[in-house]
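Down below is the structure, laid out as structure tokens.
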Amino acid sequence: MTNAELSLWINPTYLAETKNSRQQFTNAKPFPHLELPDFFLPNKAAEILQALSTEKFFQKEADLFKFSQTQDFAGSENAVLQEFRTFLSSPEFISFLSSFTQLSLKPNSLDISGTLYQDTDFLLCHDDQLEGRRLAYFLYLSDMEESDGGALHLLDREFKSAVSILPRVNTFALFEVSPHSFHEVEEVVTDKQRIAITGWYHDQ
Amino acid sequence: MEKGTQNAIRKRLFLQQGFPAITLTDFLEKESYRVLREELMKLPFQREEIPLSHSLSHAPVNTVLSQRFHQSALSLFLSSVTGKKISRLHLEALHLTWKDYTIISDKEREAAGVDIFLDFTENWSENAGGNIVYKLPNGDFFLIPPKGNTISIVLRKGSVQRFLQYVNHYGKGKERLLVRIFV
């Protein structure tokens, strides 16, 4: 996959200049992260959302969370989702990610699934550290307002919200998983649906 | 409570199929319950937010209030139904509202024991969460929903973990009030 092929997916603004993104990521507080609005080309984001709407979501509930999730796209029969998964896990896209995260990520080793948060769904504070996870990512596919809830909060060392990321369609967000990467998803308090594709890249 | 009833409760607790738990409704006499609840609501609850563990308010139940719980009668009753010799009770009041919860600890596992909760929750929304939840080794969950004037007794094995379910926005403005009895 060449840069020309990356440009079939990604907003050219992000392909042109990675130095800025690198600095933003590295210097971000409370821990390295980026929020990239309008990341994919609009037609791609729309196609992915349409494909996701045909997947089955399963409710998951425990002390720490309540939300719905699809199976990993590795098991999906949907061609669009398979293509998206292949793209995200390609060595070329990973190299592009590494150009600003400076993380050594394993190609073709990606966790990816759809998540859906509805009224009363939530995800309490945790750090994501598990099974060699190195970089968490989210592609938001619905818009949430502050009054809807559903914001992703990145927490500081006192577990106070330092950064609040409100889901916006086609925003691609990511953060480095570490012993300090505490975060939570605020409870959804309206009838709005918080739809996203989410997962992790792993250590090389 | 009559001896026969206590024996029946004990039998149900120990011999029932499935999870060894029992909830008795209308446990306290109405007026006693009302007075106790009023006094509990006046306790100096201390807010505690440790995000990786819990968010709730708690207060020790002071001596005068403890006496109102008729400790000797309650101890006798609990001894009878659990089969354990219980002479001394330690009481703690818990208060939860919207966004409160407890989380199962990854690091510390509570030893097996008897969990006893007296519930003083009123006007709760069924869909607000706040259930006492037991996670069983097979991944199943056993729920004890909020209901005033009930006592729940659980014979908890070490492999079973307990948490207080997150109280969602339907619990906003409402109060989940429990007294945990340590034996």
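None of the figures in this text is laboratory data; all of them are computed from the coordinates on show. A quick note: this is a predicted structure, and the numbers were derived from the prediction, not measured. Note: ideal-geometry Cβ built from the backbone for every residue, glycine included; neighbour counts use all protein chains shown.
See the values below:
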read-out: Contact order normalised by residue count of chain A, Cα under 8 Å, 6+ apart, percent; value: 26
read-out: Residues whose placed amide H lies under 5 Å from that of A:Asn11, excluding near-sequence neighbours; value: A:Phe40, A:Leu41
read-out: Vicinal HN-Hα couplings computed from phi for the range B:151-166 (Karplus, 6.51 cos²θ - 1.76 cosθ + 1.60; Hz; Gly/Pro x); value: 10, 10, 10, 10, 8, 9, 7, x, 7, 9, 10, 10, 8, 9, 4, 3
read-out: Relative contact order computed over chain B (Cα-Cα under 8 Å; 6+ residues apart), in percent; value: 28
read-out: Per-residue [θ]222 nm for chain B (sum of -39500 (n - 2.57) over DSSP H runs n ≥ 4, rounded to 500); value: -7000 deg cm²/dmol
read-out: Per-residue ³J(HN,Hα) for the range A:59-70, Karplus 6.51 cos²θ - 1.76 cosθ + 1.60, θ = phi - 60°, Hz, x for Gly and Pro; value: 6, 10, 8, 7, 4, 8, 7, 8, 6, 10, 8, 7
read-out: Per DSSP, loop GluC sites (Glu not before Pro) in the range A:120-204 with at most 16 further Cβ within 10 Å; value: A:Glu131, A:Glu145, A:Glu158
read-out: Peptide A:58-68, shielding by other chains (average Cβ, 10 Å cutoff); value: 3
read-out: Amide H contacts under 5 Å for A:Lys60, placed H, 5+ residues apart; value: A:Phe67, A:Ser68, A:Gln69
read-out: GluC sites (Glu not before Pro) within the range B:26-62, DSSP loop, no more than 14 other Cβ atoms inside 10 Å; value: B:Glu29
read-out: Chain A, helix-only ellipticity at 222 nm - DSSP H runs n ≥ 4, -39,500 (n - 2.57), divided by all residues, nearest 500; value: -6500 deg cm²/dmol
read-out: Of the GluC sites (Glu not before Pro) in the range A:16-116, those whose Cβ has at most 16 other Cβ within 10 Å and which sit in DSSP loop; value: A:Glu17, A:Glu77
read-out: Test item: Cα-centred dipole of the protein assembly as shown, Lys/Arg +1 and Asp/Glu -1 on Cβ, debye; value: 1780
read-out: Rounded to the nearest 20 debye, dipole of the range B:30-69 from Cβ charges on Lys, Arg, Asp, Glu; value: 180
read-out: HN-Hα J in Hz across the range A:119-134 - Karplus 6.51, -1.76, 1.60, θ = phi - 60°, x for Gly and Pro; value: 2, 6, 6, 7, 9, 7, 4, 6, 10, 6, 6, 5, 6, x, 5, 10
read-out: Rounded to the nearest 20 debye, dipole of the range B:1-147 from Cβ charges on Lys, Arg, Asp, Glu; value: 540
read-out: Which of B:Leu13, B:Leu28, B:Ala93, positive extreme of dipole for chain B (C-beta unit charges); value: B:Leu13
read-out: Label-point gap, in nm, between B:Glu49 and A:His180 - each point 7 angstrom along Cα→Cβ; value: 2.1
read-out: Sites B:Met1 and B:Lys157, calculated FRET efficiency, Cβ-Cβ separation with R0 25 Å, nearest 0.05; value: 0.40
